[in-house]
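Asks: Below is the structure I would like to discuss, written out as structure tokens.
Read the figures in this text as sums done on the coordinates, not as results from a lab. As the structure is a computational prediction, the values presented were derived from the model and not from experiment. No Cβ is skipped: glycine too gets one built from the backbone with ideal geometry, and neighbour counts run over all protein chains shown.
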Amino acid sequence: MPIHQLVQILQNAATATGDGTAFVCEGLAFATFQITGTFVATITFEATIDLTNWVAVQAKNENDGSVATTATAAGLYSFHIAGYRRARARVTWTSGTSITVTAKGTELAPGVSMADVDISDAISTEAKQDVIIGELEAQNSLIQDTYDYIGLTYTGSNLTTVVYKTGGAGGTTVSTLTLAYTGAVLDSVTQS
């Protein structure tokens, strides 16, 4: 089964402040933005669900492992995009020659288990939860039914149960995922 991926230029030799082109996230789980050029500028990583309101999102600098919503240097910056409709790299220009931002998004590769997903201790519990849920939903085969509510249960800082329901918190359960760990490493996900 081939891995779905998309490569798109978001900022093409930009020399001014601007939003650039929005990256289409549907069907994808992860994205890496490659920033190149000679510049003094701030690149803000943003995402939207409603295509109107953009929110700054954290990206991991693949060079030094730091996590932030902005970048001021060339490099590779990665983040999960499952659940977003669009993502962008908004430039606030100061000076320089130009900035180019190229994005590559991929779905979770077939045969990759959740144990292969690196969830760095540098990100918050909420961000870890978003990564896990995004990965589970990206697999599409785990949750076949329609739902409008997701309930979460934790043991310590580990997400251990995800309950999908219709009709809100008090509604009917359509699926339950149970997550098993060895320490902080996710070993398996079981659907019931």
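Asks: Would you point out the residue of segment 25-58, among those that are in a strand (DSSP E or B) and of a type in the set (Gly, Ala, Ser), that is farthest from Thr69 (Cα to Cα)?
Replies: The extreme case among them is Gly37.
Asks: Further question on the same structure: Looking only at segment 32-53, count how many residues are within 19 Å of the chain's Cα centre (by Cα) and aromatic (Phe, Trp, Tyr).
Replies: 2
Asks: On to the next question. For segment 26-68, how many residues meet the condition of being touching a Lys or Arg at 6+ places or on another chain (Cβ under 6 Å) and either free of Cβ contacts under 8 Å to residues at least 12 places away in the same chain or surrounded by 15 or more Cβ atoms within 10 Å (Cβ to Cβ) (or both)?
Replies: Matching residues across segment 26-68 total 5.
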